[in-house]
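The values are calculated or read from the model by the stated rules, or taken from the named source; none is laboratory data. Note that the coordinates shown come from a computational prediction; the quantities given were computed from them, not determined experimentally. Cβ placement follows ideal geometry from the backbone for every residue including glycine, while neighbour counts extend to all protein chains displayed. Side chains included, ligands, DNA and RNA excluded: accessible areas come from the protein's heavy atoms. Shrake-Rupley method; radii C 1.70, N 1.55, O 1.52, S 1.80 Å.
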Amino acid sequence: MKAFLENLTALFLALAFGAAVFGTLARLVGARRTWPFFVLAFLLLLLALLSRVE
């Protein structure tokens, strides 16, 4: 559990990157509403920054 909490910021950053990539790929395929993926990526990035990225 300690290792999980120590790497929580890395998890948030990886999830944010994945959401941004998934939103971009969905837009390229032709999906019309991809803004929720980018909002999710932004929120996860904020969580990572607020949890002290070093």
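A Cβ distance below 9 Å, combined with a sequence gap of six or more or placement on separate chains, defines the contacts here; from the range 4-16, residues that are modelled with pLDDT of 90 or more and assigned to a helix (DSSP H, G or I) reach residues that are surrounded by fewer than 16 Cβ atoms within 10 Å (Cβ to Cβ) and among the polar types (S, T, N, Q) in the pairs Phe12/Ser51. The set of residues in the range 17-45 that are part of a helix (DSSP H, G or I), open to solvent by 70 Å² or more (accessible area, probe 1.4 Å) and either of a type in the set (Lys, Arg) or touching a Pro at 6+ places or on another chain (Cβ under 9 Å) (or both) contains only Arg27.
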